[in-house]
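The values are calculated or read from the model by the stated rules, or taken from the named source; none is laboratory data. As the structure is a prediction and not an experimental result, all values here were calculated from the model. Glycine also receives a Cβ, built like all others from the backbone with ideal geometry; neighbour counts cover every protein chain displayed.
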There are 2 protein chains.
Amino acid sequence: MKENRVIGVVGLGLIGGSIAKDLHKVGYDILGFDSNPIHIKKAIGLDIISRGLELEELAKSADVIFVAIPVRETGDVIREVMDSMSWNSVVIDTGSTKKNICQSVRSHTKRGRFVAGHPLAGTEYSGPQAAIFDLFKGKKNIICEEHLSDEDALDIAVEMFDELGMQCIFMDPAEHDKHMAYVSHLSHVSAFTLGTTVLDIEKDEKQIFNLASTGFESTVRLAKSSPHTWSSIFVENSDHLLKALKYYISELEKFKTAIEQKDEEKIKDLISEANEIRRVLNGLKYNIVKLS
Amino acid sequence: MKENRVIGVVGLGLIGGSIAKDLHKVGYDILGFDSNPIHIKKAIGLDIISRGLELEELAKSADVIFVAIPVRETGDVIREVMDSMSWNSVVIDTGSTKKNICQSVRSHTKRGRFVAGHPLAGTEYSGPQAAIFDLFKGKKNIICEEHLSDEDALDIAVEMFDELGMQCIFMDPAEHDKHMAYVSHLSHVSAFTLGTTVLDIEKDEKQIFNLASTGFESTVRLAKSSPHTWSSIFVENSDHLLKALKYYISELEKFKTAIEQKDEEKIKDLISEANEIRRVLNGLKYNIVKLS
């Protein structure tokens, strides 16, 4: 019964705001909390939440609580929520890294009421004003350590993600973090760095305006992403990300050497290797799913 | 009079094919040449060109000849075309680098009949099958060394680009190459390298399928681009590109160090700097134009 299930959303940014927006639309009562009071005001103004509450009050009043804040703070906040919430409630996080978060709540008496989630959705924008309808529709949500969640809590979480239009996949948290370093976190470092390089080296910004085409726009798009969200992810997933980053730099050095030597055949080989990514992207189109 | 102007297209790939397709649609007779005979057959089958001719025949028969082949071969082919074509004809190239091409034709007796162009348009696909209608519509075309083109030749070229829906901007060839290294060629190296890194390091491709989201897709999109086209560009523009690439690697090292030190504040600063690219991308949306 939607009218009987009260939803709490902690963190009213892009992810939390978009969850609230979708669930509010289908009739849930949404309580919101954000450490930034301006975000609460904005979220009410934008009709994303019904009202704002202090964290403890929200934890006590909501049946399902989503925690959608920077990953480095997520573990602490989940534990705070669990301390206050009832034994019937469920708390779900949406963090982009999972190992440390799972570890930090493992010994909590209410661990069974927690479901570790990561909806694979987002845009390069942030804050409540970035919240949009249907952000999650047709996308995947990763759930980690599902065996440590109570069966009914897991059911409720899967049901909520289903309401958002998401398919749930189960995965080990360490595996999750390793894979995300390659397919998401590294892309962000590469885009941020492309952004700073072009801005620093190309002093004449009017020429960037003139000459940048859609290729540049798509490659650099993620460079608009939030500093707080991503610095938190990079530190939290530093081991895997550093491995990916070192490999990336060594691959760049290969390109650099081949270009220095004007070795067209070598460059062609490197590009042909990269072209293999087509298979992966075609796979994405067909939405291939493997349950692990 | 469209029915009276015969167009020749040398190189029936993405760019040449798309030029032919648009101009064929509005009624021009299109002659095609490609060093790969399969491309000629395909282009006829796809109704991109009216018929295929040998290069010399094409040069003799067409009033306007587009040369849309890898940049390292462009200068030679333009000169070959100029040797055979009439004094009334115009040859236009579409190469992504301009300095060497302009230099290599500068002393030809028919230099005035050449217009050095670079339409800022493309996709990550290649070959005649990649040719699409309206690829150029609303985009910009750079013309270099316009003072070395005869007035009527320049008029005809601008008219042709206008037919394709393009706005022409004039620019010095060395300046063009420098700016393109930053806003286009570097993005391609970064995407190719991201592609090889993810493929090499992430052995479990099914997990790439599962976990890659739209962010990864947009950042890596250019990694599907043609080896022949891009190896040619990278070698041709190696000086500027190496400068950009070295700077890019040094910026990556900054990120790496900050992540190694788990210095969240430093990472935030680096990301905030990168966020400034928003201004540039917003500029793109408004299609700001500066004539140089």
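For every residue, the table says whether it meets (1) basic (Lys, Arg); (2) closer than 20 Å to A:Leu242 by Cα; (3) more than 8 Å from chain A (Cβ to nearest Cβ); (4) part of a loop (DSSP other than H, G, I, E, B).
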site: B:Asp177; (1), (2), (3), (4): no, no, yes, no
site: B:Tyr182; (1), (2), (3), (4): no, no, no, no
site: B:Ser190; (1), (2), (3), (4): no, yes, no, no
site: B:Thr193; (1), (2), (3), (4): no, yes, no, no
site: B:Gly215; (1), (2), (3), (4): no, yes, no, no
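Kindly list the number of the only condition in (1) of a type outside the set (Val, Ile, Thr); (2) surrounded by fewer than 19 Cβ atoms within 10 Å (Cβ to Cβ); (3) over 17 Å from the mean Cα position of the chain (by Cα) that fails for A:Ser149.
Unmet condition: (2).
Do you know which residues across segment A:232-257 are in contact (Cβ under 8 Å) with a residue 40 or more places away in the chain and among the polar types (S, T, N, Q)?
Quick first cut of segment A:232-257, residues in contact (Cβ under 8 Å) with a residue 40 or more places away in the chain only: A:232-237, A:240-241, A:243-245, A:248.
Selection gives A:Ser232, A:Asn237.
When residues of segment A:201-212 are filtered for being of a type in the set (Asp, Glu) and more than 7 Å from chain B (Cβ to nearest Cβ), how many remain? If you could, list the steps in order and put the result at the bottom.
Applying the first criterion (of a type in the set (Asp, Glu)) to segment A:201-212 yields A:202, A:204-205.
Of the ones still in play, those that are also more than 7 Å from chain B (Cβ to nearest Cβ) are A:204.
Residues in segment A:201-212 being of a type in the set (Asp, Glu) and more than 7 Å from chain B (Cβ to nearest Cβ): 1 in total.
Have a look at A:Thr109, A:Thr74, A:Thr97, A:Thr123 and point out the one that is within 19 Å of A:Phe234 (Cα to Cα) and surrounded by fewer than 22 Cβ atoms within 10 Å (Cβ to Cβ). Outline the logic, then answer.
Numbers: A:Thr109 fails: within 19 Å of A:Phe234 (Cα to Cα); A:Thr74 fails: surrounded by fewer than 22 Cβ atoms within 10 Å (Cβ to Cβ); A:Thr97 fails: surrounded by fewer than 22 Cβ atoms within 10 Å (Cβ to Cβ).
None of the other options fit; the residue is A:Thr123.
Output the residues belonging to segment B:24-67 that are among the small types (Gly, Ala, Ser) and farther than 19 Å from B:Glu159 by Cβ.
Restricting attention to segment B:24-67, the residues satisfying the condition of being among the small types (Gly, Ala, Ser) are B:27, B:32, B:35, B:43, B:45, B:50, B:52, B:59, B:61-62.
Answer for segment B:24-67, where residues must be among the small types (Gly, Ala, Ser) and farther than 19 Å from B:Glu159 by Cβ: B:Gly32, B:Ser35, B:Ala43, B:Gly45, B:Ser50, B:Gly52, B:Ala59, B:Ser61.
In segment B:211-237, which residue that is polar (S, T, N, Q) and more than 18 Å from A:Glu251 (Cβ to Cβ) is surrounded by the fewest Cβ atoms within 10 Å (Cβ to Cβ)? I'd like the intermediate steps shown before the answer.
First pass over segment B:211-237, keeping only residues polar (S, T, N, Q): B:213-214, B:218-219, B:225-226, B:229, B:231-232, B:237.
Those still in the list that are more than 18 Å from A:Glu251 (Cβ to Cβ) too: B:213-214, B:218, B:226, B:229, B:232, B:237.
On the way: B:Ser213: 18, B:Thr214: 15, B:Ser218: 19, B:Ser226: 22, B:Thr229: 23, B:Ser232: 23, B:Asn237: 25.
Among those residues, the one meeting the criterion is B:Thr214.
Yes or no: A:Thr196 among the hydroxyl-bearing types (Ser, Thr, Tyr), farther than 24 Å from B:Lys262 by Cα and either at pLDDT 85 or above or not assigned by TED's automatic domain parsing to the domain that holds A:Pro70 (or both)?
On the way: among the hydroxyl-bearing types (Ser, Thr, Tyr): yes; farther than 24 Å from B:Lys262 by Cα: no; either at pLDDT 85 or above or not assigned by TED's automatic domain parsing to the domain that holds A:Pro70 (or both): yes.
When the stated conditions are applied, A:Thr196 does not pass them.
Only residues that are among the β-branched types (Val, Ile, Thr) and out of contact with any Phe, Trp or Tyr (no Cβ under 9 Å at 6 or more places or on another chain): list them for segment B:251-273, please.
As a first pass, look at segment B:251-273 and keep what is among the β-branched types (Val, Ile, Thr): B:257, B:259, B:267, B:271.
Across segment B:251-273, the qualifying residue is only B:Thr257.
Within segment A:224-254, work out how many residues are more than 7 Å from chain B (Cβ to nearest Cβ) and in contact with a His (Cβ under 7 Å, 6 or more places away or on another chain).
3
Return yes or no: is A:Glu251 touching a helix residue (DSSP H, G or I) at 6+ places or on another chain (Cβ under 9 Å), crowded, with 20+ Cβ neighbours inside 10 Å and either at pLDDT 90 or above or closer than 29 Å to A:Ile101 by Cα (or both)? Lay out the reasoning, then the answer.
Numbers: touching a helix residue (DSSP H, G or I) at 6+ places or on another chain (Cβ under 9 Å): yes; crowded, with 20+ Cβ neighbours inside 10 Å: yes; either at pLDDT 90 or above or closer than 29 Å to A:Ile101 by Cα (or both): yes.
In short, yes.
Taking the stated definitions as given, is A:Ala130 surrounded by fewer than 23 Cβ atoms within 10 Å (Cβ to Cβ), under 22 Å from A:Gly27 (Cα atoms) and touching a helix residue (DSSP H, G or I) at 6+ places or on another chain (Cβ under 7 Å)?
Details: surrounded by fewer than 23 Cβ atoms within 10 Å (Cβ to Cβ): yes; under 22 Å from A:Gly27 (Cα atoms): yes; touching a helix residue (DSSP H, G or I) at 6+ places or on another chain (Cβ under 7 Å): yes.
Considered against the rule, which asks whether it is surrounded by fewer than 23 Cβ atoms within 10 Å (Cβ to Cβ), under 22 Å from A:Gly27 (Cα atoms) and touching a helix residue (DSSP H, G or I) at 6+ places or on another chain (Cβ under 7 Å), A:Ala130 comes out as yes.
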